[in-house]
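The values are calculated or read from the model by the stated rules, or taken from the named source; none is laboratory data. In this text the structure is predicted, and so the values were computed from the model without any measurement. FYI the Cβ positions are ideal-geometry reconstructions off the backbone, even for glycines, and counts take in every protein chain you see.
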Amino acid sequence: MSDSVPRGIEPTGLQDLYRELILDHSKHPHGRGLHDGALAQSHQVNPTCGDEVTLQLQPGADGRIRKITWEGHGCSISQASASILASVVDDDSPEQLSERIESFRAMMHSRGQLAGDEDLLGDAIVFQGASRYVARVKCAMLPWVAAEAALSGIR
């Protein structure tokens, strides 16, 4: 996604669309539910607000990450972020997942200045607006930090 707003969508319209996507993932999460046989797992807590997430990397026979599953509670941003992370990972190698995490981190720490790589982040680019607010950055980053910690357990 470029730094400009797509044609035909006003900035407020785009913000509304992003807000709607976050709320939809919060209400109808993807990947929710922990399972036996995880490749790695990490539990993370945001001490600022009390959000929690336990995230699992589900393995394939070749060491690729077939899917991400998770359980957690907290604000709509942390829950939607976990759901969106689970939806964008599709047969990733550990290196590919690490690249997604670094790209998301760069976008979130840009304070709204970096649009993010839509090809790499998919729907996770909706959190670009949240990157302007430090408290929201921590909430959105929580599942991605859990994924990074789980990855470090398999390396």
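If you go through the stretch 49-64, how many residues are at pLDDT below 95 and more than 14 Å from LYS138 (Cβ to Cβ)?
Residues in the stretch 49-64 being at pLDDT below 95 and more than 14 Å from LYS138 (Cβ to Cβ): 7 in total.
Go through the stretch 129-147 and give me each residue that's part of a helix (DSSP H, G or I) and free of Cβ contacts under 8 Å to residues at least 40 places away in the same chain.
Filtering the stretch 129-147 down to residues part of a helix (DSSP H, G or I) leaves 129-132, 134-147.
Within the stretch 129-147, SER131, ARG132, VAL134, VAL137 qualify.
Considering only the stretch 72-105, how many residues are among the acidic types (Asp, Glu) and in contact with a Gly (Cβ under 8 Å, 6 or more places away or on another chain)? Steps first, please.
Taking the stretch 72-105 as the starting set, the residues that turn out to be among the acidic types (Asp, Glu) are 90-92, 95, 99, 102.
From what's left, in contact with a Gly (Cβ under 8 Å, 6 or more places away or on another chain): 91.
Result for the stretch 72-105: 1.
Quick one: would you say HIS109 is in contact with a helix residue (DSSP H, G or I) (Cβ under 8 Å, 6 or more places away or on another chain) and over 20 Å from HIS25 (Cα atoms)? Show your work before the answer.
Values: in contact with a helix residue (DSSP H, G or I) (Cβ under 8 Å, 6 or more places away or on another chain): yes; over 20 Å from HIS25 (Cα atoms): yes.
Yes.
Pull up the stretch 64-73, narrow it to residues that are within 14 Å of the chain's Cα centre (by Cα) and over 11 Å from ASP90 (Cα atoms), then point me to the one that is surrounded by the most Cβ atoms within 10 Å (Cβ to Cβ). Explain how you work it out, then say what you get.
Step one: of the stretch 64-73, the residues within 14 Å of the chain's Cα centre (by Cα) are 67-72.
Now drop any that are not over 11 Å from ASP90 (Cα atoms), which leaves 69-72.
Details: THR69: 19, TRP70: 24, GLU71: 16, GLY72: 22.
Ranking the qualifying residues of the stretch 64-73, first place goes to TRP70.
Restricting to the stretch 92-116, name every residue that is at pLDDT 90 or above and either farther than 20 Å from SER42 by Cα or of a type in the set (S, T, N, Q) (or both).
Result: SER93, GLN96, SER98, SER103, ALA106, MET107, MET108, HIS109, SER110.
Could you check how many residues of the stretch 110-155 are more than 22 Å from TRP70 (Cα to Cα) and touching a Ser or Thr at 6+ places or on another chain (Cβ under 7 Å)?
So the first thing to find is which residues in the stretch 110-155 are more than 22 Å from TRP70 (Cα to Cα), and the list is 110-119, 128-129, 131-134.
Restricting the remaining residues to those that are touching a Ser or Thr at 6+ places or on another chain (Cβ under 7 Å) gives 110-112, 115-117, 131.
Number satisfying all stated conditions: 7.
Mind checking which residues of the stretch 131-154 are surrounded by 21 or more Cβ atoms within 10 Å (Cβ to Cβ), of a type in the set (A, V, I, L, M), within 17 Å of SER26 (Cα to Cα) and touching a Phe, Trp or Tyr at 6+ places or on another chain (Cβ under 9 Å)?
Those that are surrounded by 21 or more Cβ atoms within 10 Å (Cβ to Cβ), of a type in the set (A, V, I, L, M), within 17 Å of SER26 (Cα to Cα) and touching a Phe, Trp or Tyr at 6+ places or on another chain (Cβ under 9 Å): ALA140, MET141.
Quick check on my filter: what residues within the stretch 50-63 are outside any strand (DSSP E or B) and crowded, with 16+ Cβ neighbours inside 10 Å? Full working, then the answer.
Looking only at the stretch 50-63, we keep the residues that are outside any strand (DSSP E or B), and these are 50-51, 60-63.
Matches in the stretch 50-63: ASP51 only.
Inside the stretch 111-120, can you point out the residues that are outside any helix (DSSP H, G or I) and either of a type in the set (Gly, Ala, Ser) or under 12 Å from the mean Cα position of the chain (by Cα) (or both)?
Step one: of the stretch 111-120, the residues outside any helix (DSSP H, G or I) are 111-117.
Scanning the stretch 111-120 gives GLY112, ALA115, GLY116.
Residue-by-condition table, conditions (1) in a helix (DSSP H, G or I); (2) out of contact with any helix residue (DSSP H, G or I) (no Cβ under 8 Å at 6 or more places or on another chain); (3) over 20 Å from LEU23 (Cβ atoms); (4) not basic (Lys, Arg):
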| site | (1), (2), (3), (4) |
| --- | --- |
| ILE68 | no, no, yes, yes |
| ILE101 | yes, no, yes, yes |
| GLY122 | yes, no, no, yes |
| ALA149 | yes, yes, yes, yes |
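Pick out the one residue from ASP92, ASP119 that is surrounded by fewer than 16 Cβ atoms within 10 Å (Cβ to Cβ), closer than 20 Å to HIS30 by Cα and acidic (Asp, Glu). So that I can check it myself, show each step before the final result.
On the way: ASP92 fails: surrounded by fewer than 16 Cβ atoms within 10 Å (Cβ to Cβ).
Criteria check complete, one pass: ASP119.
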